[in-house]
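The structure appears right after this line, and notes come after that.
The values are calculated or read from the model by the stated rules, or taken from the named source; none is laboratory data. Quick caveat: nothing in here was measured; it's all calculated off a predicted structure. Note that each Cβ is placed from the backbone with ideal geometry, even for glycine, and that neighbours are counted across all protein chains shown. Just so you know, the surface numbers come from the protein's heavy atoms only, side chains and all, with ligands and any DNA or RNA stripped out. Shrake-Rupley method; radii C 1.70, N 1.55, O 1.52, S 1.80 Å.
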Amino acid sequence: MTARKRLPMMIAVLGLAAGCSQPEPGVAPAAEATASKWVTPPRIDGVRRSAGALTVSGQTSPGARVVLRGGDGSAFAASADDSGRFEIRIGAADHDLSLIPEVQTGEDAAPAPERLLILGGADGPVVMLAAGVAGRRLDGAGALGAVDSDGRMLALSGRAPAGQTVRITLNGGSGMTVLAGADGRWTAVAGPAGGPVRLGVGARVYDYPGEAGAGPVAARAGAGWRLAWMSSSGGRQVTWLPDAGE
């Protein structure tokens, strides 16, 4: 068997940085009053399966109404409680669902920048997708939850015990480590992307099938599911979701 060619790689922890500035005297109260009226887009942070149905939970503005809208005209809704928590029950379906979370407060509506993808009629992978970042798995995935590619780099995400260091390698080459956050999630960027890659995540090995052949409908690819989708800005992104037991 011909040995795989080792690829040069780069891995970096993804993060968000926010600048802080001190308000001028007398400005802070007005700014806070304005901010308190803003509608907070819903953030979905969990799913629960029971009797073939799926219950989606998350956080938004207190008392707001949350709607999950599908491109096929489907819609699922519920109201948040006084703390902003909500749960939406999605019954068993015989097809995949791609839903945009939206929050409604009075006449104001704010869609979330992510989409919720449910495969296999609520029995398959469940993931939040957003442009330019790795998918955020919500079902019981393994150490590696999702791999996303724009054709140049790979964005990876997974789960580990909070605060644990996770080592990632490509094709058996030298690697780097990332740290799982307080919620047990980690994200990283690796590359270059393009063809199939053997990914090492801790003690586990995953065979990423590459981007070739990915279409807009989720289909089996290797030991997982793969699809290509377009972001709101027109960029093409390929997402691979390894099977939960892999």
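Within the stretch 190-209, can you find the residues that are open to solvent by less than 30 Å² (accessible area, probe 1.4 Å) and among the aliphatic types (A, V, I, L, M)?
Within the stretch 190-209, 190, 193, 197, 199, 201 qualify.
Please count how many residues of the stretch 137-149 are within 19 Å of residue 177 (Cα to Cα), open to solvent by 20 Å² or more (accessible area, probe 1.4 Å) and within 12 Å of the chain's Cα centre (by Cα).
The total comes to 0.
Could you list, in sequence order, all residues of the stretch 212-242 that are in contact with a Lys or Arg (Cβ under 8 Å, 6 or more places away or on another chain), buried (at least 21 other Cβ atoms within 10 Å of the Cβ) and touching a residue at least 60 places away in the same chain (Cβ under 8 Å)?
Within the stretch 212-242, 218, 238, 239, 240, 241 meet the criteria.
Hey, among 194, 145, 120, which residue is assigned to a loop (DSSP other than H, G, I, E, B) and in contact (Cβ under 8 Å) with a residue 40 or more places away in the chain?
The unique qualifying residue is 194.
Counting only residues that are modelled with pLDDT of 95 or more and outside any strand (DSSP E or B), which one in the stretch 164-180 is surrounded by the fewest Cβ atoms within 10 Å (Cβ to Cβ)?
The selected residue is 164.
Scanning for something open to solvent by less than 30 Å² (accessible area, probe 1.4 Å), aliphatic (A, V, I, L, M), modelled with pLDDT under 50 and closer than 30 Å to residue 179 by Cβ, does the stretch 39-55 turn up at least one residue?
Here is the first cut: in the stretch 39-55, the ones open to solvent by less than 30 Å² (accessible area, probe 1.4 Å) are 42, 44, 46, 53-55.
From what is left, the residues that are aliphatic (A, V, I, L, M) are 44, 53-54.
Cutting the leftovers down to modelled with pLDDT under 50 gives us none.
No, the stretch 39-55 has no match at all.
Does residue 155 satisfy being surrounded by 13 or more Cβ atoms within 10 Å (Cβ to Cβ), farther than 20 Å from residue 226 by Cα and either without any contact (Cβ under 8 Å) to a residue 12 or more places away in the chain or within 17 Å of the chain's Cα centre (by Cα) (or both)?
no
Scan the stretch 37-89 residue by residue and report those that are assigned to a loop (DSSP other than H, G, I, E, B) and closer than 12 Å to residue 110 by Cα.
Passing the criteria: 38, 39, 40, 41, 42, 60, 61, 64.
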